[in-house]
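I have placed the structure first, in the form of structure tokens, so that the comments after it can refer back to it.
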Amino acid sequence: QLDTGGADAGDAAIDGLVLDSTADTDTGAGVIDAPVEATGPTAQLRIANWSPDAPAAGYDVCVAAHGTSSWRGPLLAQTIGDAGVLGDSGLPSIQFPGVTNYVIGLPPGTYDVAVVDAGAGCAAPAATATDLPALVVSGWYTMAIVGDTSPTGGDPALSVVVLDDDSTATVGAAVRFLDMAPSVASADFGEGTLDAGFVPLAIDVPFAKLTTVAAGDGGALPDPGGYVGVFPPSSVALSAHAPTGATRDTAVAPNQSFAAGAVITVALVGGKTGGARAQLLVCTGDGVVNQSDGLYSGCVVASM
């Protein structure tokens, strides 16, 4: 099982820290390449490590203007520096299944992204992505590291996706469901369970992509960020299962309640072929809504 416990609870632990914006960012020769200058309007970015077999020390990312290979970063090392560490690695990286807060501001534009090991520079990436959408001024984004670091079975290899995060909910609560489990090609998400009145909210969600299928209250289509408006649930189970032929739930998160106006991401994480089972990670407060303090987004592994 994934462990999101307190200090020194293990490789998957996530320990909350307070960002010191005055900290020195010199973390050692060869760690930080050229800085990203963001003196004007920016896009706000958080980093998610959803690669289930990521190194225990976690990952960082570097960016380059699309097509240039002029890498800048690593971004977490550059942004956080000596202000603290993420997780138990002793380095400013993000460990599975963690999600940073929106601690990075980038100038608008189209970027290539390199995933790098904690403590490394940009020269030897573990993976690169060159087909990402442009970042716009005042946008809020999740840059998610997904797939297997060492692929097994038919699992997809390590890659990066960029998701456009909503900052407000216009109807009820805005909820987005993501399949980030490499062994799960697609998933249905909803309230209840297969054994107890499953109500679909997002149907046939592909791995590392957004659903385009109508579901949810009133059958409304998801918005461009993949969010659906729902009547704010109170003490309900959320679950995920295969779209066809499923006889049991892949993962169940009991007793979930969302306030009106909340913006939520529910991600199916873990689930590497031959590894730990997939679980549901619930992140409250995407964009400007109910942001957590410090270095982390408010994400909790909520599965039984």
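Structure data summary
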| read-out | value |
| --- | --- |
| Gain in span if fully extended, residue 231 to residue 212, counting 0.36 nm per residue against the direct Cα distance | 4.9 nm |
| Ellipsoid equivalent to the range 106-248 - semi-axes via the Cα gyration tensor, in Å | 30, 21, 11 |
| Inter-label distance for residue 259 and residue 69, nm, one decimal - labels placed 7 Å from Cα along Cα-to-Cβ | 5.0 nm |
| Residue list for the range 259-284, given a label point 7 angstrom along the Cα-to-Cβ vector of residue 193 and an amide N cut-off under 16 Å | 278-280 |
| Distant-in-sequence amide H partners of residue 237 (H built 1.01 Å from N, under 5 Å) | 192, 255, 256 |
| Stretchable slack from residue 157 to residue 136, in nm (0.36 nm times residue separation minus alpha-carbon distance) | 4.8 nm |
| Nonlocal amide H pairs with residue 178, under 5 Å, H built at 1.01 Å | 266, 267, 268 |
| Rounded to whole Hz, the Karplus (6.51, -1.76, 1.60) HN-Hα couplings of the range 255-267, x for glycine and proline | 6, 9, 9, 10, 7, 4, x, 6, 10, 10, 10, 10, 10 |
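No lab work stands behind these numbers, since they all come straight from the coordinates. Remember, predicted model here, so these are calculated numbers, not experimental data. All Cβ positions, even for glycine, are placed from backbone atoms using ideal geometry, and neighbour counts span all protein chains on display.
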